Amino acid sequence: MAIPPRIALFRRRIPQSIVRPVIVRHCRCFSSCLRDAQQQKSTSQLDDGLSTTYFGFEKIATGLKEARVGAVFSSVASSYDTMNDLMSLGVHRLWKDYFVRGLDPGTNPLSASPPSNALPRGWNILDVAGGTGDIAFRLLDHASNVHNDYTTRVTVTDINLDMLAEGRKRALATPYARSSRLSFVEANAENLVNIPDNSVDLYTVAFGIRNFTNKEKALREAYRVLRPGGAFACLEFSKVNNTAFDAAYQRWSFGAIPLIGQLVAGDRDSYQYLVESIAQFPNQTEFKDMIMDAGFIVPGRGWEDLSMGIAAIHKGIKPVEGSAPQ
Amino acid sequence: MPPHNPVQLSRAATRVLAVQSPLKPHPVLLSSWRAFSVLNRPPPAYEGHVPLTKLERGALAIGSALISLANPRRADLIAACGEATAQPYFIQRLRNAMLRHPTGRRILRDRPRLSSTTLSLPDLRALPSNTLGHAYVTWLDREGVSPDTRDAVRYIDDEEAAYAMQRYRECHDFYHALTGLPTVREGEVALKAFEFANTLLPMAGLAVGAVFTLKKGERRRFWDVYGPWAIRNGVSAEEMINVYWEEELETDVDELRARLGIEKPPDLRDIRKAEREKRKREREERERAANLVARRDTAR
């Protein structure tokens, strides 16, 4: 157990120009240091050309992030639901229900006017980073039960095979397990090789995008696969808009959540990463700008806060040919 | 003379940079003086160290104690409970016990670690059967465990005390080998009682609370035989933390036990096996008697 250099102790006192070339490997930054660092871009170049990104508060080489996030989710896959319930005190279920209700997937085959030469077709929905199937099952249930639409299908993609396995297991308890309406596919959101251009009606990503190494690339892929007029919808943790509540929320995040992770799942580090990745994610305005930069038209303010900003729903529409994007 | 330890370094840096922070946490007093919040943790004192606030430590102690009582397979929680309850006094007491003894001081200086890389198990198997090393590896093989199953210490703030805790954790298997107690719940409870009497760590005492989860016969044996043995020997024996196990691998086990002042307890595995066989014999006799009665009745 060697004592690491006390670089973090000096970080706030020495000017940035001196401390910048040093990579802090073993010390975790203070969150107050993080607020200074948030001005910087999330990926940056070092003097010797090595591209780095953030894994929580830890700076690592960009190429390593995917594997490390993979390790986190393989570790948490089996206790994922229990942990979500404990961390959000069950509220994540309400967020997901509200998210799907707001999207209102499915069209009633009797009321919709079909194209003249074909039967009405259901929605083709792509749920990215949706390994355990939470959103997919809700989307299918909504389409079937609210709109009597039994042709809407959902493709769940995830980069992590353990999460997909967990999703397949859970699908067995739903009516969609062996139907053509639900499929689980391994894919990297930054490079959706199996999905053709302009083929998806609705692209959803819930609590996944903050783990992506390159969010801009994933947004561009979303733009590519969506058909013109298709919708991009993202449910993700965001910044709390009330200072007093934020103080309490931060202390719950950094104090209670890793502790619950240790007690329930036996894994403090994965949950420390999760809360750090939440702190690292851009705020509502920045993320809205990223969505617009990818080419989407953003309706209204661009996002909707849930639970005072703990989570936020961001939506974007791919412009139809002929209409000018903002 | 240039500053050479962390406390001197940070003091020197403060003087040089002329920046005073009224809330700078003092490394040595960390466990007893909370000057930080979960958002502002001080830098780790060693790899993997997580400085906890008092509230976190209390919650970890209570949570891990309850869950590990319900599910003793959660070895990581037993370890966490030990670390959360050992501060500020008990782990310092253990470390000071090491400092008071010449061998303990040598251990703190050398910082040896017990793992499958530092202990060569094939060599231990080749030792004569009366040696500690042979008893240890035989016990490992019989129980089906390896020396690598111990978690790293994370929640002890003082670096040297953290090593003392790690050493105590890694030596647990040697206590098993020395006393011959098996890793069944009954044996673990007896050994924990012994460790509590010897090291005074609260977690060992809490673990004795698991005696109420034992079966009736096991509980009776604990109160009658193993409990008194554990207290008697734990109190009168030398501090087990001061034994340099790596140097005692070729010592004769009985001689080591005599030197440390420990009696060998009755062999628990043999007792349990005898009881199991006795119960089996009784059950077979009862069945035979029942069959005889049934046959007599049908014959009539």
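The values are calculated or read from the model by the stated rules, or taken from the named source; none is laboratory data. Here the structure is a predicted model, which means the values were calculated and not measured. Neighbour counts run over all protein chains shown; Cβ positions are idealised from the backbone, glycine included.
Those residues that are closer than 17 Å to A:GLY295 by Cα and free of Cβ contacts under 8 Å to residues at least 60 places away in the same chain, I need them from segment A:178-228; list them, please.
Hits for segment A:178-228 are A:GLU190, A:ASP197, A:ASN198, A:LYS217, A:GLU221, A:ARG224.
Give me a count of the residues in segment A:290-326 that are acidic (Asp, Glu) and under 16 Å from the mean Cα position of the chain (by Cα). Working first, answer last.
Just the residues of segment A:290-326 that are acidic (Asp, Glu), to begin with: A:293, A:304-305, A:321.
Restricting the remaining residues to those that are under 16 Å from the mean Cα position of the chain (by Cα) gives A:304-305.
Result for segment A:290-326: 2.
Taking into account only those residues within segment B:36-69 that are basic (Lys, Arg) and not in a loop (DSSP other than H, G, I, E, B), which is farthest from B:ALA207 (Cα to Cα)?
The residue in question is B:LYS54.
Quick one: would you say A:VAL72 is in contact (Cβ under 8 Å) with a residue 40 or more places away in the chain, surrounded by 15 or more Cβ atoms within 10 Å (Cβ to Cβ) and under 15 Å from the mean Cα position of the chain (by Cα)? Even if it seems obvious, please write down each step before you answer.
Working: in contact (Cβ under 8 Å) with a residue 40 or more places away in the chain: yes; surrounded by 15 or more Cβ atoms within 10 Å (Cβ to Cβ): yes; under 15 Å from the mean Cα position of the chain (by Cα): yes.
So A:VAL72 passes the test.
Checking the condition free of Cβ contacts under 8 Å to residues at least 12 places away in the same chain, within 17 Å of B:VAL153 (Cβ to Cβ) and of a type outside the set (Asp, Glu), which residue from B:ARG105, B:ARG74 passes?
Going through B:ARG105, B:ARG74 in turn, the sole match is B:ARG74.
Would you mind stating whether A:ASP305 is farther than 21 Å from A:TRP123 by Cβ, surrounded by fewer than 19 Cβ atoms within 10 Å (Cβ to Cβ) and outside the structural domain of A:ALA136 (by TED's automatic domain parsing)?
no
Tally up the residues in segment B:130-173 that are farther than 21 Å from B:VAL189 by Cβ, within 12 Å of another protein chain (Cβ to nearest Cβ) and not in a helix (DSSP H, G or I), please.
6
Is it fair to say B:TYR168 is farther than 20 Å from B:ALA84 by Cβ and in contact (Cβ under 8 Å) with a residue 40 or more places away in the chain?
Answer is no for this residue.
Could we say that B:LEU66 is at pLDDT 95 or above, within 11 Å of chain A (Cβ to nearest Cβ) and within 28 Å of B:PHE212 (Cα to Cα) here?
Against the criterion (at pLDDT 95 or above, within 11 Å of chain A (Cβ to nearest Cβ) and within 28 Å of B:PHE212 (Cα to Cα)), B:LEU66 does not qualify.
To keep it simple, each residue is scored yes or no on (1) modelled with pLDDT of 95 or more; (2) assigned to a helix (DSSP H, G or I).
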site: A:ILE260; (1), (2): no, yes
site: A:SER270; (1), (2): no, yes
site: A:MET292; (1), (2): yes, yes
site: A:GLY300; (1), (2): no, no
site: A:GLU304; (1), (2): yes, no
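Which one is modelled with the lowest pLDDT, of the residues in segment B:70-86 that are in a helix (DSSP H, G or I) and facing another protein chain (nearest Cβ under 10 Å)? Even if it seems obvious, please write down each step before you answer.
Kept after step one, since they are in a helix (DSSP H, G or I), are these residues of segment B:70-86: B:70, B:75-86.
Those left that are additionally facing another protein chain (nearest Cβ under 10 Å): B:75-77, B:80.
Details: B:ALA75: 86, B:ASP76: 91, B:LEU77: 93, B:ALA80: 94.
Filtering segment B:70-86 for residues that are in a helix (DSSP H, G or I) and facing another protein chain (nearest Cβ under 10 Å), the one modelled with the lowest pLDDT comes out as B:ALA75.
Just checking, how many residues over segment B:239-272 are farther than 18 Å from B:HIS172 by Cα, assigned to a helix (DSSP H, G or I) and not charged (D, E, K, R)?
2
Filter segment B:44-63 down to residues that are within 9 Å of another protein chain (Cβ to nearest Cβ) and of a type in the set (Gly, Ala, Ser) and give me whichever is surrounded by the fewest Cβ atoms within 10 Å (Cβ to Cβ).
B:GLY48
Here are A:ARG220, A:ARG251: which of them is in a helix (DSSP H, G or I), on the phi < 0 side of the Ramachandran plot, within 14 Å of chain B (Cβ to nearest Cβ) and surrounded by fewer than 16 Cβ atoms within 10 Å (Cβ to Cβ)?
Of the residues listed, the single one that is in a helix (DSSP H, G or I), on the phi < 0 side of the Ramachandran plot, within 14 Å of chain B (Cβ to nearest Cβ) and surrounded by fewer than 16 Cβ atoms within 10 Å (Cβ to Cβ) is A:ARG251.
Quick one: is A:PHE287 crowded, with 20+ Cβ neighbours inside 10 Å, under 29 Å from A:VAL76 (Cβ atoms) and modelled with pLDDT of 95 or more?
So A:PHE287 fits the description; yes.
Identify the single condition in (1) free of Cβ contacts under 8 Å to residues at least 12 places away in the same chain; (2) over 23 Å from B:ALA45 (Cβ atoms); (3) within 14 Å of another protein chain (Cβ to nearest Cβ) that B:ALA126 does not satisfy, given that it satisfies every other one.
The one condition B:ALA126 does not meet is (3).
Hey, can you tell me all the residues within segment A:129-172 that are assigned to a loop (DSSP other than H, G, I, E, B), of a type in the set (Ser, Thr, Tyr) and within 21 Å of A:ALA218 (Cβ to Cβ)?
Within segment A:129-172, A:THR132 is the sole residue that qualifies.
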